Amino acid sequence: MDTKKEHVNPFEMAMTQFDIAADKMKLEQWIRLKLRNPRLCLTVSIPVKMDDGTLKVFIGHRVQHNVVRGPAKGGIRYHPDVTLDEVKALAAWMTWKCAVVNLPFGGGKGGVTCDPKNMSLGELERMTRRYISEITSIIGPDQDIPAPDVYTNAQTMAWIMDTYSVFKGYTVPGVVTGKPISLGGSVGRDKATAQGCVYTIIEAAKYLKMKLQGATVVVQGYGNAGYNAAELLHKEGCKIIAVSDSQGGIMNTRGLDPVAVMTHKEKTGSVVGFKGADKISNEELLTLKCDILVPAALENVITKHNAAKIKARISAEAANGPTTPEADDILHQNNVFVIPDILANAGGVTVSYLEWVQNLERLSWTAEDVNKHLLRHMTNAFNEVVRTHEKYKVHMRTASNILAIGRVAEATKLRGIYP
Ligand code: NAD
């Protein structure tokens, strides 16, 4: 099997997707120019005393792509491959993601180029606190609200909240979301991305007149998004026939019990070796015949090299950026219905929004309250994207972008350009 990976610059990919939608909607030139350029890019150096007594200087970025509909919103990523271009792309995608589910937020993103797997907890804490000190003037509950992303978690968010609060002189829970529940985090945040994704799959099945009972499901990636999506789809009556993680995949056409697979993964470190299932590669897994494919691992996994071999009826993108623009066209021609990332995985930022609202109101809602709002945002967004897809006769990714860019463009026109 051809496993060649396309090395697409993420910012160029984001701009290609933007241009496709902007052309279809005949967006005026001045708005294109405004929306192509991030509002603010701040790059800082972060000196950290390491455990062995040496000093290291890390490079960090915070990008606010757009704030015309509200404060910038987006996670902070710690990874060796972080670049300013990647952070700019992720910030732009956050603008569209927040707009497509109609949250009163703009888009932002942060990143520090580092290797968190080889840093101690103390080093990570010192790096986080110094990074936040350096960007403190541009973040805040009304300005820019970070959240977790790759290799940052609830503990990182607690350090961010504490550092910002020390600078202010009082506790500011609304500066960051994805916090531990005891510090103002929201119930339901842990499963929010998967739950939101499953709500969009339920709507897609209705739209395509497809029965979920007995529908076959393949999930790539068995972490927060992938495992929870498998478990929730299993509860909806679907048959999970294959799942994978970074070590490889497993398949059983009679169906897998997702909880038993997770128990095995927790014991052994991987889904591979689960009793009663055959081992398959991640490449084979993507091209299995199934009703629903859930890419929930990495970006750039469905490319022009394998798109023609995808046999799923629905591809629900829990992961960010799993499909390249060329692959999108191939999937569309082959009648694969894609629920694009900015829609399918918007459940996470939606519950982050609900956390922020609870923090500002000094309230904590029940799981039922949170779920009710999540369901409303996701189903409304799905149906609005479908209407755009039918109106413009474009695939679902371009339709999501048209809807989102249209909302940001309208707000831009109404606010005008200062002075
Ligand atoms: P995670 O770290 O919890 O899980 C990732 C999973 O992918 C792990 O099981 C890992 O083993 C697996 N994986 C890694 N490399 C793989 C490979 N080559 N093939 C198959 N599996 C592989 O991460 P997560 O939070 O579940 O995020 C997964 C994706 O979902 C990312 O693209 C992320 O940006 C996106 N996402 C997550 C959230 C969220 O709230 N968790 C929100 C929006 C988008």
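The convex hull defined by the C-alpha atoms of the chain has an orientation-averaged projected area of 20.6 nm². When DSSP beta bridges are restricted to pairs lying wholly in segment 39-181, around 60% turn out antiparallel. With Rh defined as the Kirkwood radius, the inverse of the mean 1/r over Cα pairs, the Rg/Rh of segment 1-100 is 1.08.
Ranking Asn371, Leu354, Val386 by Cα position along the charge dipole of segment 303-387, where only Lys, Arg, Asp and Glu carry charges on their C-beta atoms, puts Val386 farthest toward the positive end.
Most fluctuating residue of Gly70, Gly108, Gly321 in a GNM of the chain with Cα springs under 10 Å: which is it? Highest fluctuation among the options: Gly70.
Between the alpha-carbon centres of segment 212-287 and segment 120-183 there is a gap of 34 Å. Pairs of lysines in segment 70-228 whose Cα atoms sit within less than 16 Å of one another amount to 8, provided the residues are eight or more positions apart or on different chains.
The per residue volume of the convex hull around the alpha-carbon atoms of segment 254-354 is 124 Å³.
If the chain between Ile59 and Lys275 were fully stretched, how many nm would it gain, using 0.36 nm times the residue separation less the Cα-Cα distance?
73.3 nm
Sticking with the crude label model, points 7 Å out along Cα→Cβ, report the distance from Glu361 to Lys117 in nm, one decimal please. Roughly 4.2 nm, to one decimal. Seen from Cys41, the other residues with C-beta closer than 11 Å to its C-beta sum to a net charge of +3, counting Lys and Arg as +1 and Asp and Glu as -1.
Obtain the radius of gyration and the Kirkwood radius of segment 73-136 from its C-alpha atoms and give Rg over Rh. Don't jump to the answer; show the numbers that get you there.
Numbers: Rg = 13.5 Å, Rh = 12.8 Å.
My calculation puts Rg/Rh at 1.05.
As a ratio to 2.2 N^0.38 Å, the alpha-carbon radius of gyration for segment 39-181 is 0.99. Sparsely packed loop sites in segment 361-416 (the trypsin sites (Lys or Arg not before Pro) outside DSSP H, G, I, E and B with at most 13 other Cβ atoms within 10 Å) comprise Arg362, Lys393. Taking one quarter of the surface of the convex hull spanned by the alpha-carbon atoms of segment 199-258 gives a direction-averaged projected area of 3.9 nm².
Using square roots of five times the C-alpha gyration tensor eigenvalues, list the equivalent-ellipsoid semi-axes of segment 192-344 in whole Å, biggest first. Don't jump to the answer; show the numbers that get you there.
Values: eigenvalues 97, 58, 39 Å².
Semi-axes (√(5λ), whole Å): 22, 17, 14.
Binning the alpha carbon pair distances of segment 113-157 at 10 angstrom intervals from zero yields the distribution 23, 57, 19, 1, expressed in whole percent. Only the Cβ atoms of Lys and Arg (+1) and of Asp and Glu (-1) were treated as charged; on that basis the dipole of segment 105-244 about its Cα centre amounts to roughly 440 debye.
Quick one: dipole size for the chain, taken about the Cα centre, charges +1 on Lys/Arg Cβ and -1 on Asp/Glu Cβ, in debye to the nearest 20. Before the final figure, lay out each step's value.
Details: 50 positive and 43 negative charges, 165 e Å.
The dipole magnitude comes to about 800 debye.
Normalised Debye scattering of segment 109-210 at q = 0.13, 0.23, 0.24 Å⁻¹ gives log10 I(q)/I(0) of -0.55, -1.24, -1.31, counting only Cα atoms as equal scatterers and leaving out solvent. With contacts taken as Cα pairs under 8 Å and at least 6 residues apart, the chain reaches a relative contact order of 17 percent.
Placing +1 on the Cβ of every Lys and Arg and -1 on the Cβ of every Asp and Glu, with nothing else charged, gives segment 192-344 a dipole about its Cα centre of roughly 600 debye.
Every read-out reported here was derived from the displayed coordinates using simple, explicitly stated rules and does not represent laboratory data. The structure presented is a predicted model; accordingly, all values stated were derived computationally and were not measured. Reconstructed Cβ throughout: ideal geometry from the backbone, glycine too, with neighbour counts over all protein chains shown.
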